[in-house]
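Heads up: the structure comes next, in structure tokens.
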Amino acid sequence: MYVANVAIGCCGFPVGREKYFQDFGVVEIQKTFYQPPSLVTAEKWRREAPRDFEFTLKAWQLITHEPKSPTYRRLSRPIPKSERNKYGSFKPTREVFVAWQTTSSFAEALGAKIIVFQCAASFTPTAENKRNMRRFFDAIDRRDFLLVWEPRGKWRAAEVRELCRELSLIHCVDPFKESPVWGEMRYFRLHGRTGYRYKYTDDDLQQLTAKVQGESLCYVMFNNVPMFDDALRFEQFVRQQFSSRKR
């Protein structure tokens, strides 16, 4: 499943699931961010996958993103204007906690252990946002999940480190843009160096191989348009590096 200490996969299925399962050992489910499918779907995916295949997933946007986000257009049921102030930004509301229950139930049905909370760039380090995060993560039933946080606003490293340490979160980054500041394991999401259409060069992948070396378990999840090919090429780089170290 892992190449040395590295788990390599894609954010979503860029090819059919059967082919994907043949080539990779992990995938990050994206549909749970926009509109979680039914638990029947989660159970079906789990049955289809090899026994040792790993799922991770993104938390539902109702937890992290406010209704002004364009991603809310993909909800199956629009949020009434009168209710919009109850969603997003980790607000400790009944609606947000219900969204967590939906997310965690789907993760459990998949057998997933890692849940990623990706925040909008508009989620900045205000006192209110920090207070909301503390109240949310202190209140939820974490079960045995590993909770990964990807802040994308203008957060200082010290602020991220403090919250991750206090709330037992793993700091997620794009390793070509910044370095993680907290977590026993690493979780990288690669969005393309110049945008989602970017194709990683051999030099990029060689640099990335150097970034993942070490004893810590590292997830490397590609989230660009040519993600499937880039992830396969990166896997080859890591295998070659691992083979050379064993000689």
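Since every read-out is calculated from the coordinates, none of them should be taken as a lab result. Fair warning: this is a prediction, and the values are worked out from it, not measured in the lab. Glycine gets a Cβ as well: all are built from the backbone with ideal geometry, and neighbour counts include every protein chain shown.
Things worth noting here:
- For the chain, the Cα gyration tensor yields ellipsoid semi-axes of 30, 21, 17 Å (square root of five times each eigenvalue, largest first, whole Å).
- Candidates Arg143, Arg152, Arg131, ranked by Gaussian network fluctuation over the chain, Cα under 10 Å, top entry: Arg143
- Sequence-distant lysines (8 or more away, or on other chains) whose Cα lies within less than 21 Å of Lys86: Lys58, Lys68, Lys130
- Rounded to 10°, Cα long-axis angle of helix 94-110 versus longest principal axis of the chain: 30
- For the chain, size of Cβ-based charge dipole, Lys and Arg +1, Asp and Glu -1, in debye: 580
- Arg46-Arg193 pseudo-label distance in nm [points 7 Å out on the Cα-to-Cβ vector]: 4.0
- Helix-derived mean residue ellipticity, 222 nm - over the chain, DSSP H n ≥ 4, -39500 (n - 2.57), to 500: -12000 deg cm²/dmol
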